[in-house]
Amino acid sequence: MVILRFLQSFLDIALWRKGPQDLPASTLLATLALIAYMATGFVRMRLFTLDQSTALLFICVDVMMMGAWLWLVLAFFGRRQRFVQTITATLGVGLLVLLLDVTFRSAQLALGWSDELSMNWLMLRFLITALVLGRIFMLALDRGLITGMALTVAIVYSTQAVVQLMLDLRG
């Protein structure tokens with residue numbers, strides 16, 4: 001199946017066996033990764049008891065910030081032609097992390113695990129995300145892992161800041 005082949009490619013990227021350059025520069029694949037990422041992200045947010053509009057706001061801001069950051073940084077480093085492959089890899093690996101989130105949160109809710117365990121998972125998730133996305137950005141930019149990780153951290157914290165700002169303005 002084609003879907004399983006691409007999920008395997010995303011897993012290979014997450015495990016540092018491949019990079020974004022190993023994906024086709026396909027806007028269709030990028031669009032499918034975007035849809036899957038947003039749908040899974042929405043489910044994740046709802047599992048953390050966010051209301052529907054807040055979950056939708058967070059997912060939309062997340063995707064827009066990620067896309068804007070990537071486009072700007074790739075353009076700055078003269079690598080704009082790598083955007084489609086990089087965003088596809090970022091969304092695909094992000095989808096895998098979101099699937100882990102959904103699985104973990106569902107098990108937590110079903111089995112009554114403590115919220116402390118959830119906080120530990122979120123810290124581990126942040127580290128995994130910084131390393132995996134940092135490597136994707138490192139390969140896309142032809143820069144070091146620290147640069148890629150710094151971009152990842154900037155995306156995460158700026159997304160949180162924009163979401164908080166929008167929630168404050170809305171509320």
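The values are calculated or read from the model by the stated rules, or taken from the named source; none is laboratory data. From a predicted model like this one, the values you see are computed outputs, not experimental measurements. Here Cβ is always computed from backbone atoms with ideal geometry, including for glycine, and neighbour counts include all displayed protein chains. In case anyone asks, the SASA skips ligands and DNA or RNA and just uses the protein heavy atoms, side chains included. Shrake-Rupley method; radii C 1.70, N 1.55, O 1.52, S 1.80 Å.
Quick notes on this structure:
- Within the accessible area of the chain (1.4 Å probe), percent carbon and sulfur: 70 percent
- More than 18 angstrom apart: percent of Cα pairs within segment 55-116: 52 percent
- Charging the Cβ of each Asp and Glu at -1 and of each Lys and Arg at +1, and nothing else, the dipole of the chain about its Cα centre rounds to 460 debye.
- Whole-angstrom gap from segment 85-148 to segment 1-58, using each part's C-alpha centre: 11 Å
- Distance (nanometres) between label positions extended 7 Å along Cα→Cβ at Leu7 and Leu100: 1.6 nm
- Förster-model FRET efficiency, 30 Å R0, Thr27 and Arg143, C-beta, rounded to 0.05: 0.75
- Translational diffusion of segment 31-163, µm² s⁻¹ [Kirkwood Rh, Cα pairs; Stokes-Einstein; 4 °C; 1.567 mPa s]: 84 µm²/s
- Accessible area per residue in Å² at 1.4 Å probe, computed on segment 108-160: 54 Å²
- Screening the chain for DSSP H helices whose Cα atoms reach 20 Å or more along their own axis and whose mean Kyte hydropathy is at least 1.0 gives 27-47, 52-76, 83-111, 115-141, 145-170.
- The slack in the chain from Leu122 to Asp168, taken as 0.36 nm per residue of separation less the alpha-carbon distance, amounts to 14.2 nm.
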